[in-house]
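The structure appears right after this line, and notes come after that.
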């Protein structure tokens, strides 16, 4: 018994001596995550189970009232469906544009690859507001796109591109392309070039090689890129605010309205928690489909 107690008492000390450098390196990150992520989210979750000042039949204690109100709200149902629709379309368009670009990066010359990567990182580093204002200039009634179409004689009157779901999708796709290209490109880099060369030498076509070798092996990168794009689109606030209208509002705008304008913190917190849970459920379902149907390791 004494030996067991002595061994147990020395275990934390030996653990500290063995992993001291790693713990010290991770300590600033852990403190940062605790202060600016874990504590605020815990507070937000706690607020979502409380009553707001204007709720009828208010009493002390925790309640599911805010979640029931979220479920019963017809406006929130429409906004949530619109948010999922815009996010899903954004993911599809971004994937369709980014996968060929990632393939081009893989097979391009060093100079062209460097130029494309620089443009990608510049787009990622530039201000989101500046990029959205750029699309305002392009998509406005008197903007560059309408002027081009009128100049070509394709239309007689300007088309209303701005303040629509289409404008929001354009802005989100522009913002999300780097988040899709880089994971796919990294996944393509890990595929041995000898596999493609062997398939071609055995009589396989380029299309068959892409379909049967490159695409299945790059699914982890596709999964990472689509999840990043979906998360960015679901939580978008600035882009739908600048390029959309009240009739195209997304769920983050409704939550911000409750938190910042109406000061209804419990309901705003419940909306955010509901959105987070639904997003995680969709991600889990998507990962399960990739594992079972496509046999991908994600």
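Which semi-axis lengths, in whole Å and largest first, follow from the square roots of five times the eigenvalues of the Cα gyration tensor of the range 85-248?
The equivalent ellipsoid of the range 85-248 has semi-axes of 35, 18, 15 Å.
Under a 10 Å cutoff between Cα atoms, tell me which one of 239, 276, 42 has the largest fluctuation in the Gaussian network model of the chain.
42
Given C-alpha coordinates of the range 182-298, what is the ratio Rg to Rh with the Kirkwood estimate of Rh?
Reported Rg/Rh, Kirkwood definition of Rh: 1.19.
So what's the Cα pair-distance distribution over the chain, bin width 10 Å, in %?
Reading the bins upward from 0: 5, 18, 23, 23, 17, 9, 3, 1, 0, 0.
Please identify, among 189, 154, 243, the residue showing maximal mean-square fluctuation in a Gaussian network model of the chain using a 10 angstrom Cα cutoff.
154
Can you show me the helix-derived [θ] at 222 nm for the chain, built from DSSP H runs with n ≥ 4 at -39,500 (n - 2.57) apiece and divided by the number of residues, rounded to the nearest 500.
-23500 deg cm²/dmol
Below 8 Å, C-alpha to C-alpha, sequence gap of six or more: please give me the relative contact order for the range 85-248 in percent.
36
Take every Cα-Cα distance within the range 16-134, group them into 10 Å bins from 0 onward, and report for each bin the whole-number percent of pairs it holds.
10, 16, 21, 26, 19, 6, 1
Dividing the alpha-carbon Rg of the range 234-298 by 2.2 N^0.38 Å yields what?
Dividing the Cα Rg of the range 234-298 by 2.2 N^0.38 Å gives 1.47.
Taking the chain as a Gaussian network, Cα atoms linked when under 10 Å apart, which of 141, 156, 72 shows the biggest mean-square fluctuation?
156
For the pair residue 29 and residue 261, what calculated FRET efficiency results from E = 1/(1 + (r/R0)^6), where r is the Cβ-Cβ distance and R0 = 35 Å, to the nearest 0.05?
Efficiency, rounded to the nearest 0.05: 0.55.
No value in this document is a laboratory result; all are computed from the given coordinates. Given the structure is predicted, the values throughout are model-derived calculations rather than measurements. Heads up, the Cβs are rebuilt from the backbone with ideal geometry, glycines too, and the neighbour counts pull from every protein chain shown.
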